[in-house]
Structures are given as structure tokens and as C-alpha cells.
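Here's the structure we're looking at; comments come further down.
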Amino acid sequence: MSTKTVVAARASWSSTVREGETLTITDLHGNQAVDFLVYDAHDTSVRYSAPDTIHAQGGIFLTTGSVLMSNEHTALMTVTADGVGRHDTVGGACSKESNTLRYGHHTYAQHACVDNFLAEGARYGLGKRDLVSNINWYMNVPVEKDGTLGIVDGLSAPGLSLTLRAERDVLVLVSNCPQINNPCNGFEPTAVRMTIDGADAA
Amino acid sequence: MAATATTDGARAHARAQEGARAEAMPVVPARDWQDPPREAGHLVWAETVAGGNYTHRVLARGTELRLTDLHGDACAHLLLYADGRPWERLNVADTVKVQWNAYLGEGVLLLSDQGRVLASVVADTAGRHDALCGTSTLVRNTERYGDGSPQSASPAGRELFKLAAAKNGLEPRDLPPSLSFFQGVEIQGDGALGFTGSAGPGGSVTLRAEQDVTVLIANVPHPADPRPRYVSTPLEVLAWRATATRPGDPLWDATPEGRRAFLNTAEFLTARGLA
């Protein structure tokens with residue numbers, strides 16, 4: 001059993017992924033940031049924790065073998081395949097408000113990931129208090145020796161993908177990042193594909 | 001018959017304890033603190049927080065808050081919320097991303113998720129802090145130290161944050177990633193973390209509230225602390241009346257991102273009739 005969904009540029013998406021099932025995210029056109037939050041499907045107060053994930057694996061970049069940890073330090077999903085090699089869990093999501101700081105007030109009217117997360121999360125009763133620092137698949141955020149960090153040109157390419165295995169029943173929220181003011185989408189957001197495969201099909 | 005076998009005796013026994021001193025305790029009123037810092041005006045909060053313990057307070061805009069690592073093994077895990085509007089809260093990702101730096105230090109603004117400033121770091125003599133690893137958890141502390149529950153000898157930061165949050169009307173889902181002061185982490189070129197530990201006894205960091213804020217502090221070992229033993233020593237907390245950052249102050253214009261954050265904050269407070 002396999003379900004495939006193309007998430008249009010700038011759009012949001014969500015799904016439950018059952019324990020043992022896999023979710024494959026395909027960067028159809030290359031260099032598209034995919035903002036990603038994951039919750040325990042049965043208790044959404046248990047949700048992805050960037051800090052727990054970072055200190056559990058001893059580093060800030062996500063790739064094959066990275067375990068996405070919850071705020072209670074339990075496993076939510078594991079990266080089982082990755083064609084890119086480096087993904088971000090430090091930078092969080094763009095919002096209309098943070099965009100005014102990063103680029104200027106002229107960007108306030110632009111669509112942003114936090115709005116996607118709020119709209120998608122509302123379908124499950126999740127609100128602003130439920131949003132935390134998220135993963136940015138395909139986004140490249142190097143950190144220099146003095147701590148300087150920034151979103152730079154991506155390492156991805158058209159057709160590259162990564163696969164996550166659910167370690168329990170999880171709820172996944174995705175914002176297909178609409179940011180057009182930094183290199184995370186090559187200044188042009190594009191579509192991505194979500195594929196869920198059943199445990200038996202893996 | 002023991003002296004405390006009657007209500008009169010029990011009351012007398014309890015009342016006789018007034019004036020006792022402990023190493024870790026709040027001093028009330030704060031102005032009775034024995035050794036006020038030179039720069040302090042009117043002290044509004046004076047407390048020594050025990051290792052493995054927590055505290056919380058609501059601070060008015062303009063209040064300065066100095067945290068001091070007395071013996072070199074404090075770690076102040078910190079969360080901030082706009083007082084009365086907890087849906088506006090510290091956003092660690094925005095804090096590091098907007099300011100183009102993963103490390104905390106003097107001049108760093110602690111940003112909310114609404115494009116505004118909750119507090120600014122106005123002084124730092126320690127230089128070893130962390131915005132990436134968050135705090136410790138019940139599961140991890142139980143694995144490492146045998147227990148992580150609040151009543152244990154090795155409480156987890158998240159468990160203490162849950163208690164501090166509850167006392168401010170907040171639930172576990174209101175706990176976002178936190179900051180840690182006095183126990184640092186360095187990021188290597190390949191993204192790996194290196195634990196730097198403490199800068200030693202006496203280091204301090206001073207924050208300035210740029211809005212009315214609810215502050216939650218848990219003083220527990222950093223989650224990346226490699227030592228097998230739970231090492232957590234007292235944290236001194238002093239706060240005094242001061243002035244929020246104003247236009248013309250060097251910090252206001254230190255960076256274009258920070259200037260816009262201060263402008264957003266000022267607009268918000270003006271519209272609310274608060275400034």
C-alpha cells in the first residue's frame with residue numbers, strides 16, 4: 001500500500017503515519033525547503049524537539065540514522081535514507097513577523113511557514129502554543145567557528161529524496177516553504193512529493 | 001509529652017523557625033539582600049536557587065536580571081513569555097537565525113515568535129552558553145543518574161519547567177526549546193557538538209526585560225554534561241528596576257535586524273498604551 005501526494009509550491013500538508021510505515025519526501029525540482037513538525041498522534045503534547053534531537057545525536061545536521069526525538073526524549077521517527085546528506089534543525093520556520101526582522105517590513109504580506117503550520121494544525125486542534133522549532137529538510141545552514149550561521153544555497157537537486165520511518169503512530173505537519181527572500185528555495189518555491197508506504201511494502 | 005504534641009506547641013515550633021538561613025533561599029524583601037550589586041537600583045528579586053531546583057517570576061519591562069554562577073557548576077535553563085500573553089514566547093530558532101549567530105552573549109536579543117524582543121543580554125562575563133541543546137528530560141536523567149523526577153536528587157529540567165509553568169497557568173505543551181546559561185556547547189565544522197562546560201565560578205549574565213515577561217528558570221546540569229555524576233551548584237538571581245532599551249541606545253541600532261525588532265516592540269507597546 002502506497003499513497004503519493006504532490007504538495008504544491010507554498011502549500012501545507014499533513015498526515016498520520018503509522019508505526020512502521022515510511023514517509024518519503026521527494027524534492028521534485030531541487031533546493032526546496034520542506035518545513036516539518038511531528039507529534040505523537042495520540043498525545044500531541046509529545047512533539048518534535050530540536051534540542052533533544054541535537055544533543056541525542058551530538059550534532060546539528062540531520063541525515064541517515066538521525067532519530068527525531070520528542071520533548072520527552074523518546075523516538076518519533078528515524079531517517080532511514082537520505083540522498084542529500086545534510087538537513088537543518090536549527091533555523092526553524094519563517095513567519096510574517098520574523099521576516100520583518102530578517103528582510104524588512106515590505107515582506108509582511110508574503111505567505112510564510114508559520115501560517116501554513118497554523119492552518120494545517122488547526123485541523124487537529126493544534127494552535128500556536130503547539131508550534132516549536134522545526135526541521136527544514138533540504139535546507140543548508142552551516143555554522144562557522146564564531147557561531148555565525150545563515151541559510152545558504154542548498155545541497156539538494158531535482159529528484160533527490162529522504163525517507164523517514166515512524167517509530168510510533170505520528171502526526172506530521174508540513175509547510176512547503178514559501179520563502180522567496182533567501183536561498184533556501186533558490187528564491188522560487190517549488191512542489192514536493194509525499195509518499196507513505198505501509199510497513200509490509202517497505 | 002513532646003513540645004509539638006499540641007497545636008500551641010506546634011505553632012510555637014513553626015514560628016520559632018523565622019529568621020533561619022539556608023544557602024539557597026529567596027530574600028524577602030529583596031532590598032534586604034546583603035551584597036547588592038553596584039549598578040543595582042531598587043532590588044526587586046533576590047534569591048539563591050539550589051542546584052536541581054527552579055524559580056520563576058514576572059518582571060516589569062525595564063527590569064534587569066543578573067544570573068550568577070556562584071560555584072562554577074550552575075546551569076540556568078531559561079524560558080521567557082510575554083506576561084499575560086503566553087502565546088508570545090521565546091523562539092530560540094528565530095533568536096539564532098535572525099541574528100545570524102548560534103551563540104549567546106552580550107548584545108544578543110532574546111526574540112519572541114512575533115518579531116519582537118522579550119529581553120536583551122546586556123552583560124556577560126561567562127561566555128559559555130547554549131541555545132541548541134535545551135534542557136534535560138525525565139527519560140534521559142533516569143538513564144544517566146537513576147532518576148529524573150522532581151523529588152529525586154537528580155531532577156530533570158523539563159520536569160521542573162513543568163512545575164514552574166503550571167504556577168503561571170501554563171501546561172507542558174507551552175514549553176518550547178529553552179536557553180542555557182553557564183554551560184556551553186561549541187559547534188564543529190561538521191556540525192558535531194563539543195561540550196565546553198563552565199567558565200568557572202563567579203560568571204554572570206545580565207538580561208534586560210524589554211516587555212513585561214514571565215521568567216522560568218531551572219538550575220540543573222546541561223543535557224550534554226558528560227560527567228556521570230549529577231553536578232549542580234547554586235545559582236544567584238538578582239533583579240532590579242532599570243530602563244528598557246530606548247532609541248539612541250547603542251543596542252537599539254547595533255544591527256538592522258535588532259533595530260527592526262525594537263521598532264516592532266515599541267509599536268506594539270505604544271498601541272497597547274504601555275509605553
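The values are calculated or read from the model by the stated rules, or taken from the named source; none is laboratory data. The model shown is predicted, which means the values in this text are computed figures rather than measured ones. Here the Cβ positions follow ideal geometry from the backbone for every residue, glycine too, while neighbour counts run over all protein chains shown. These accessible areas exclude ligands, DNA and RNA; they are computed on the full protein's heavy atoms, side chains included. Shrake-Rupley method; radii C 1.70, N 1.55, O 1.52, S 1.80 Å.
Can you send over the solvent-accessible area of residue A:42, 1.4 Å probe, protein chains only, in Å² to the nearest 10?
Its accessible surface works out to 140 Å², give or take rounding.
Pick out, in residue order, every one of the GluC sites (Glu not before Pro) in the stretch B:23-132 that is DSSP loop and has at most 12 other C-beta atoms within 10 Å; say none if there are none. Walk me through the numbers before you get to the answer.
Details: sites: B:23, B:39, B:47, B:64, B:88, B:106; in loops: B:23, B:39, B:106.
Sparse-neighbourhood loop GluC sites (Glu not before Pro): B:23, B:39.
Between residue A:43 and residue A:144, how many nm apart are label points set 7 Å from Cα along the C-beta direction?
Label-label distance for residue A:43 and residue A:144, simple model: 4.4 nm.
Return the aspartates and glutamates within reach of residue A:4: Cα separation strictly under 20 angstrom, same-chain partners fewer than 8 residues apart disregarded; answer none if there are no such residues.
A:19, A:21, A:27, A:35, A:82, A:120, A:169, A:197, A:200
Quick one: compute the contact order of chain A, relative version, from alpha carbon pairs under 8 angstrom and 6+ residues apart, as a percent.
44
Within 10 Å of each Cβ in peptide B:180-191, how many partner chain Cβ atoms are there on average? Round it to a whole number, please.
Numbers: counts 1, 0, 0, 0, 0, 3, 3, 11, 4, 4, 4, 15.
The mean count of partner-chain Cβ atoms within 10 Å per residue comes to 4.
How are the Cα pair distances of the stretch B:136-219 distributed, in percent, across 5 Å bins from 0?
Here the calculated profile for the stretch B:136-219 is 3, 12, 16, 18, 22, 17, 9, 2, 0.
Can you give the Rg to Rh ratio for the protein assembly as shown, taking only C-alpha atoms and Rh from Kirkwood?
Checking Rg against Rh, the ratio lands at 1.00.
Hey, if we sort A:29, B:56, A:106, A:55 by accessible area with the 1.4 Å probe, largest down, what's the order? Mind dumping the intermediate values first?
On the way: A:29 110, B:56 50, A:106 135, A:55 25 Å².
In descending accessible area the options line up as A:106, A:29, B:56, A:55.
How about residue B:167: which lysines have a C-alpha closer than 24 Å to its C-alpha, ignoring those fewer than 8 places off in the same chain?
Here the lysines satisfying the reach criterion relative to residue B:167 are A:128.
For the stretch B:1-155, go through all pairs of different Cα atoms, get the mean of 1/r, take its inverse, and jot down that Kirkwood value in Å.
The answer is 18.9 Å.
What's the average, rounded to a whole number, of partner chain beta-carbon atoms within 10 Å of each residue's beta-carbon in A:46-58?
Other-chain Cβ atoms within 10 Å of each residue's Cβ, averaged: 6.
Please list log₁₀ I(q)/I(0) at q = 0.20 Å⁻¹ for the stretch B:177-248, using the Debye equation with identical point scatterers on the alpha-carbon positions.
-1.03
Starting from the Cα of residue A:145, draw a straight line to each of the lysines and keep only those under 23 Å, dropping any in the same chain fewer than 8 residues away.
Within the straight-line limit of under 23 Å, residue A:145 reaches these lysines: B:97.
Just the C-alpha atoms of chain A: what Rg/Rh do they give, with Rh taken as the Kirkwood radius? Before the final figure, lay out each step's value.
Details: Rg = 15.6 Å, Rh = 16.7 Å.
Here Rg/Rh amounts to 0.94.
How big is the shadow of the Cα convex hull of chain B, averaged over all directions, in nm²? Please list the in-between numbers first.
Details: hull surface 69.4 nm².
Averaging across all directions leaves 17.4 nm² for the Cα convex hull.
Calculate how steeply helix A:113-122 sits against the longest principal axis of the alpha-carbon atoms of chain A, using the helix alpha-carbon long axis, and give the answer as 0 to 90 degrees to the nearest 10.
That works out to roughly 40 degrees.
Which shape class, rounded, prolate or oblate, goes with the stretch B:58-132 when its Cα gyration tensor gives a ≥ b ≥ c as root eigenvalues, a/c under 1.5 marks rounded, and past that a/b bigger than b/c marks prolate? All intermediate terms of the calculation are to be shown ahead of the outcome.
Details: a/c = 1.84, a/b = 1.28, b/c = 1.43.
Verdict is oblate for the stretch B:58-132.
Based on the Cβ-Cβ distance of residue A:2 and residue B:253, what FRET efficiency does E = 1/(1 + (r/R0)^6) give at R0 = 51 Å, to the nearest 0.05?
0.40
How would B:128, A:86, B:38, B:272 rank on accessible area, largest to smallest, probe 1.4 Å?
Numbers: B:128 85, A:86 60, B:38 225, B:272 135 Å².
From most exposed to least exposed: B:38, B:272, B:128, A:86.
Taking 7 Å along the Cα-to-C-beta vector as the label spot, tell me the residue B:190-residue A:191 distance in nanometres, rounded to one decimal.
Output for this residue pair reads 3.9 nm.
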